[in-house]
Amino acid sequence: MTAELKYYHVLNYGCQMNESDSEHYAGQLEEMGYAPTDSPAAADVIVVNTCCVRESAELRILGKIGELKRVKAQHPGQVLCVAGCMAQKDGESLMHKYPQIDLLLGTSYVNSFKKMLQDYLNAHKKGVYTSLEVQSSEFEGTRVRESGFSAWIPIMYGCNNFCTYCIVPYVRGRERSRSIANILAEVRGAVAKGYTEITLLGQNVDSYGKDFLRDGTYGRPGAAEASQAREPFAALLRAVDQVPGVERVHFMTSHPRDMSEEVIRTVAEGTHLCEQFHVALQSGSNRILKAMNRGYTRERFLELVATIRRYIPDAAITTDIIVGFPGETDEDFEDTCRLVEEAGFDSAYTFLYSRRSGTPAARMKDQVPDDVKHARLQRLMDVQNARSLCINRAFQDRTVEVMAEGPTEKDPAVWSGRTRTNKLVLWPQNGNARTPEGSGLPVRPGQLVHVKVTAPQTWLLKGVRVD
Ligand code: SAH
Ligand code: SF4
Ligand code: F3S
């Protein structure tokens, strides 16, 4: 008699780091014999991987956990596991408020999820695991990736920066780097499975390997290469660039205080290292940057942008900006808008400041009223959108190399893909023949194609295939 098939469903919220953790949860569930399902109602195990970076994320997640109570009532024996940053932050109290939760797993238990789940299944005793005393940051096992060609690979965990608005260091713990050997093994494994695009992830990739330098952990496999390099992150980039089969390498996020000329030069000299930099600005006002504990000035930021452009004139630079940090005056905000104009970002993620209890900024006076925050966000988005459109218009009639992603949801006859600088490109993919609208030769996700841009827009470039 064959055992009945069991199903799992993983719901992810938050950043790419969390997505990558979710891929590892899925991998462990498959190792345990579970199969994926899109339907929470059909799942025997549900993992909700949570984010708490802003209140809006938390509210959405709590709504979902509420909903899952009804799903679980229909499915006796279903296991609900809440993992990730919010689980780390709220721990036991989350389980008290939402008794439908069976297993609560903080951020340092990703690697031991399988064991915790097995313990729960054996004993049927609810478990809360929120210690931040991590064992190993090395990765073993498998990830079940959504994409078939693009792989996210965390190179380090945690953050030491304690920007005064941010909850991440409290819920992800201190910086821990994976050894170069462990990262390269995962890159090679991904390439062997057909992945050609690699994105290296960390809260502050420029800090990669600095924990090896600080604590001199030469004993760990691969740690020595990183600790001997003057700039461990640049050494890692060079190593990943040389892995046979890798077509494109991206990385994020860079910190303006720590990003070095050596990293920029490495990207300029690399073959597969993509000329795209996500450097979080947060604010263009020196006063606010100081209050945020960011460790750089607007002048240093502009110098960094100039250095990137000097080495790589075509580089795309993207950023994150917060509006309405406590004490932000109209003048501070105008400084941000001016800097955004001067820096010429390809695009920016803009956020309303969200008060995170436990962080220093939450206790600061002069919290900015909501209506002011919203008006500033709108104005900043207008400034940035005008700039994005202007930058994208320069692509008119240019031919760009695009890594094809697949048909768009809206119109399967139109495909999307990304340039090396991560710009979204759309083109009609019609049949097998060359047509007046461009080549329709077959394409598969992950393939590199050439597209001539015919209609650039604020968020994307429309064009036709020319190969
Ligand atoms: N480590 C990365 C990303 C951190 S979280 C970095 O430093 O860039 C992603 C973004 O969320 C941050 O860059 C910041 O712009 C935003 N963010 C973090 N805390 C926030 C808060 N309390 N309110 C609003 N936005 C916040
Ligand atoms: Fe948060 Fe700052 Fe760390 Fe980024 S660098 S995760 S914004 S504390
Ligand atoms: Fe990421 Fe959200 Fe945690 S942004 S690190 S999932 S708080």
Unit charges on C-beta of K, R, D, E only; dipole of region 321-467, Debye: 600 debye
Along the chain, longest interval not containing exposed chymotrypsin sites (Phe, Trp or Tyr not before Pro), exposed being DSSP loop plus at most 14 other Cβ atoms within 10 Å: 219-458
Test item: Cα-centred dipole of region 258-397, Lys/Arg +1 and Asp/Glu -1 on Cβ, debye: 460 debye
Partners for Lys97 among lysines (Cα-Cα distance below 21 Å; same-chain residues under 8 apart left out): Lys64, Lys69, Lys72, Lys89, Lys125, Lys126
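For region 124-177, what does the alpha-carbon gyration tensor say about shape, rounded, prolate or oblate, given a ≥ b ≥ c as the root eigenvalues, a/c under 1.5 as rounded, and a/b over b/c as prolate?
Details: a/c = 1.89, a/b = 1.18, b/c = 1.60.
Since a/c reaches 1.5 but b/c is at least a/b, the shape of region 124-177 is classed as oblate.
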For the chain, accessible area per residue (1.4 Å probe, heavy atoms of protein chains only), Å²: 44 Å²
5 angstrom amide H check on Lys462, placed H, neighbours 5+ away: Leu426, Thr454, Ala455, Gln457
Accessible surface of the chain [probe 1.4 Å, protein heavy atoms]: carbon and sulfur percent: 52 percent
Inter-label distance for Ser357 and Glu331, nm, one decimal - labels placed 7 Å from Cα along Cα-to-Cβ: 3.5 nm
Cα centroid separation - region 8-69 against region 144-180, whole Å: 18 Å
All lysines inside 18 Å of Lys290 as judged from Cα atoms, apart from same-chain residues fewer than 8 positions distant: Lys365
Theoretical gain in end-to-end length, Ser260 to Lys125 [0.36 nm per residue, Cα-Cα removed]: 43.7 nm
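Name the shape class, rounded, prolate or oblate, that the alpha-carbon gyration tensor gives for the chain, where a ≥ b ≥ c are the square roots of its eigenvalues, rounded holds for a/c under 1.5, and otherwise prolate holds if a/b is larger than b/c and oblate otherwise. Spell out each step's value before the answer.
Details: a/c = 1.39, a/b = 1.16, b/c = 1.20.
Rounded, because the longest to shortest axis ratio a/c is under 1.5.
With an 8 Å Cα cut-off and a minimum separation of 6 or more residues, compute the relative contact order for the chain in percent. Don't skip to the end; give the middle numbers.
Values: 927 pairs, mean separation 44.9, N = 467.
Reported relative contact order: 10 percent.
Please list 356-364, 315-323 highest first by mean number of surrounding beta-carbon atoms within 10 Å per residue.
Working: 356-364: 15.3, 315-323: 21.9.
In decreasing order of mean packing, 356-364, 315-323 become 315-323, 356-364.
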Cα-based reach from Lys115 at 16 Å (exclusive), listing aspartates and glutamates while leaving out same-chain residues under 8 positions away: Asp21, Glu30, Glu31, Asp102, Glu140
Listed residue (Phe162, Trp427, Val402) projecting farthest to the positive dipole end of the chain, Cβ model: Phe162
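The values are calculated or read from the model by the stated rules, or taken from the named source; none is laboratory data. All figures in this text were calculated on a predicted structure; none of them were measured in a lab. Neighbour counts run over all protein chains shown; Cβ positions are idealised from the backbone, glycine included. Keep in mind that these areas ignore ligands, DNA and RNA; they rest on the heavy atoms of the full protein, side chains included. Shrake-Rupley method; radii C 1.70, N 1.55, O 1.52, S 1.80 Å.
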